[in-house]
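Worksheet: one structure, shown below.
The values are calculated or read from the model by the stated rules, or taken from the named source; none is laboratory data. This structure is a prediction, so every number in the text was calculated from the model and none was measured. Neighbour counts are summed over all protein chains in view; Cβ atoms, including those assigned to glycine, are modelled from backbone coordinates with ideal geometry. Surface areas here come from the heavy atoms of the whole protein model, side chains and all, with no ligands, DNA or RNA. Shrake-Rupley method; radii C 1.70, N 1.55, O 1.52, S 1.80 Å.
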Amino acid sequence: KLPSSFVEVNETMMASLFGKLLQALTSKRTPLLFFVDDLQWADPLSLALLTALIKGAGADSLHLFATDKEQRRQVVSEDDTSVMFVGSFRDNEVDDDHSLAKVLHKLASDTTVNVTNIALTRFTARTLNEMLSESLCMPIRRVSSLSKLVIQKTDGQPLHVIEFIQALTTDNMLTHSFARGWEWDADSIDICPMTDSVAELFAYKLRRLPNGVLPGLQILSCFGSQIDQHVLTFVADYDGASSVNIPAAIDVALSKGLVGRAAQLVSFSHDMIQKATIDSIDEDDLVPLLRKLAAALIKNASAVGKLNSVLFVIVDLINRVGSDATPCPKERMLFADLSLQAGLIAISVPDFAAAAKYAEVGIGFLRDDNWETQYDLSLSLFETSVLSQFSGPEGNQDQLMKRINGVFDHAKDFSDQFKTHCVWIELLSVTDASRAIEESLKALERLGEPLNLANIDFNIICNEIMKLKEQFSGERKKKLLL
C-alpha cells in the first residue's frame, strides 16, 4: 500500500475544522440534523471526513487525537451529542467491495457509534392504497382500483409512482372537480403504455415540453446534476446567434418541477431527469456540443479574469470530449495545460484522486513526440501524476511506476528528475530501506553534496532524532496540526 501519512494529517485537519463548525452551529437546545444524500457516489475523501465527524473527531480539540475507546466515548456520548447524521444510498449500486460498504461495516462494528439501518422498499398494494387514500382524501376502498392500476404500471417503485400519477393528471386521466372530487379513467389508464423504467417516463415528459425548453435543459445536463448560474452566463453565446435561451428554458423547467433553484445553484430535481435529458442528445451531437461549451467557458471566463473559477468544469468537459476527438495540435496543447492547472490546484486542496485524474487527462492530450516538442508541459504533467498517485490512499502503483520511469527516461538532467527521484526514494523506503538509503546517497552526490557514511557518528544522529521526536509529540503535535 502506498504511504498516506500526509493524507491522514490533512484529513485530520479538515475533520477538525468541520467539527468546530458543527460545534458552533449546534447545542443541546438547537440540535442539528445532518443529511447526506446519494452516498453511493461519495468519493473517499468525503467518506473519510463524514466518518471522522460521526465518530466525533474535531468535535472537541481536546479529544481530537484520542486513541483509546474511553476518550472517544467522551466525544460522542449521548449527553453531549447534538448532531444526528442521516445518510441515504441506493443499495443496488453498493456491493461488498464498494468504499461505502466498507465504511458502513466499520461504523457498525464500532461500539461508540449507534447505527440504525432503515431499508426503503417498494410500495405494496396496501401501502400504496393508504398513500393514495391520504393524498386524494378518499376512503381506502374507493382508491383500491386506482392503486392496482398504478402498481401494475410502476411495480411500486416510489419515484416511478410519483411521476406516473403526475403523468395521469397531465393527460387528464386523473382529474378533480369540486362537485365530484377525484375521478379517473380506468380503461384509459389500463391501456396506457407500460414504461420499463422511470427514465422512460421522464423522457416522455421532456418530449412534451414547449419548443426551445429541451435544448436549454440539454445544455444544463452537460454539466451534471447541478451547476452554478455564473457558469451558465459564460456559455450564453456558446453557439453564436444560434444559442438557445438558457434562462428562459430554466424558468419553464422550474414551473414543471424538473429543476430547482437554490441561491446561485440550479439543479435537476432528480438525477434520473438529468440522465434522461442528456440521453436525449443525439450521440453524434454530444461531443460537438461539449466542445462548444468548453470553448465558450475558456473564452468568456478568461476575458474577465475568472478562468480559475470554472477551471474544473472546463477540464471535466474536455475530458469527456477526449483526445481522439481533438485533432488540432494547438487545442490539444491548451487542453493539456488546463488539465495541468486543475491538477496542481487539486493537489493544494489536497484532493489527490482528482489531481491524478486531471494529470492523466492532460497526458492524454500530449503529442506522440511530446518529450521533444512539449518538454516542460510533459515534465510538469508527469510530476503531478507521480505526486498525486503516490500521495493518495487509492493511488495506482502500476500507473505510478509508469510515470516515474517516464520521467527517468526522458528528463534532460538530474534537476528535472529531482522531484520524481524523491518520490522514488520514499516509495523504496517502504519495501527496501537499504536501497532507499543507497539512492539517497547517490542523489546527494549528483547534487554536489556527497555524504561519507564512514564519517558519521550514528549515536549522535539517534540522540538528535529522539530529541526531535519528543519536541513534536503531545500537545506540541496537536498545536502544529491544528
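Taking every Cα-Cα distance in region 226-378 and sorting them into 5 Å bins from zero, the calculated P(r) comes out as 2, 9, 15, 18, 20, 17, 10, 6, 2, 1, 0, 0 percent. Where the centroid of each part is defined by its Cα atoms, how far is region 421-454 from region 264-322 in Å? Centre-to-centre distance over Cα atoms comes out at 46 Å. Couplings 3J(HN,Hα) of region 38-50, computed from phi: 6, 5, 5, 9, 5, 7, x, 5, 5, 5, 5, 5, 4 Hz, in residue order, whole Hz [Karplus 6.51 cos²θ - 1.76 cosθ + 1.60, θ = phi - 60°; x for Gly and Pro]. Rounded to the nearest 5, what % of DSSP beta bridges with both residues in the chain are antiparallel? Roughly 70 percent of the beta bridges in the chain run antiparallel, per DSSP.
What relative contact order, as a whole-number percentage, does region 258-385 give when Cα pairs under 8 Å and 6 or more residues apart are counted?
On the way: 112 pairs, mean separation 21.4, N = 128.
With pairs under 8 Å counted, the relative contact order is 17 percent.
Pair-distance distribution P(r) for the chain, from all Cα-Cα distances in 10 Å bins starting at 0: 3, 14, 19, 23, 20, 12, 5, 2, 1, 0, 0 percent.
Axis of helix 458-471 versus longest Cα principal axis of the chain: the two differ by about 40°, to the nearest ten degrees. Within the accessible area of the chain, the carbon and sulfur atoms contribute 54%, probe 1.4 Å, all protein chains present.
Rounded to the nearest 500, the helix-only mean residue ellipticity at 222 nm of the chain stands at -19000 deg cm²/dmol, with each DSSP H run of n ≥ 4 adding -39,500 (n - 2.57). Compute the whole-percent fraction of alpha carbon pairs in region 92-217 spaced more than 26 Å apart. Tail of P(r) above 26 Å: 42 percent of Cα pairs.
Using just the C-alpha positions of region 362-454 as equal point scatterers, what log10 of I(q)/I(0) does the Debye formula give at each q in 0.13, 0.16, 0.18 1/Å? For region 362-454 at q = 0.13, 0.16, 0.18 Å⁻¹, log10 I(q)/I(0) is -0.48, -0.69, -0.84.
How tilted is helix 352-364 with respect to the longest principal axis of the chain? Cα atoms for both, answer in degrees (0 to 90, nearest 10). For 352-364 against the chain, the angle is about 90 degrees. Compute the distance in nm between two label points, each set 7 Å from the Cα along the Cα-to-Cβ direction, one at residue 309 and one at residue 261. So the label points at residue 309 and residue 261 sit 1.8 nm apart. Against the chain, whose longest principal axis is taken from its Cα atoms, helix 283-303 shows a tilt of about 60°. What the chain shows is 58 Å² of accessible area per residue, with the surface traced by a 1.4 Å probe over protein heavy atoms.
Can you list which of the trypsin sites (Lys or Arg not before Pro) found in region 283-325 are DSSP loop residues with at most 15 other C-beta atoms within 10 Å? Don't jump to the answer; show the numbers that get you there.
Details: sites: 291, 292, 299, 306, 320; in loops: 306.
Filter output for region 283-325: 306.
Restricting the calculation to Cα atoms, every distinct pair contributes to the Kirkwood radius of region 140-211, found to be 12.9 Å.
Of the trypsin sites (Lys or Arg not before Pro) found in region 345-427, the ones in coil according to DSSP and having at most 11 other Cβ atoms within 10 Å of their Cβ are 412.
Please list, in order, the residues from region 96-118 whose amide nitrogen is less than 18 Å from a point placed 7 Å along the Cα→Cβ vector of residue 28. Those under the cut-off are none; the list is empty. At a Förster radius of 41 Å, what calculated FRET efficiency corresponds to the Cβ-Cβ distance of residue 177 and residue 94, to the nearest 0.05? About 0.35, to the nearest 0.05.
Suppose accessible area is computed on protein heavy atoms with a 1.4 Å probe; arrange 204, 238 from highest to lowest. Intermediate values should be presented prior to the final figure.
Details: 204 90, 238 30 Å².
Correct descending sequence by accessible area is 204, 238.
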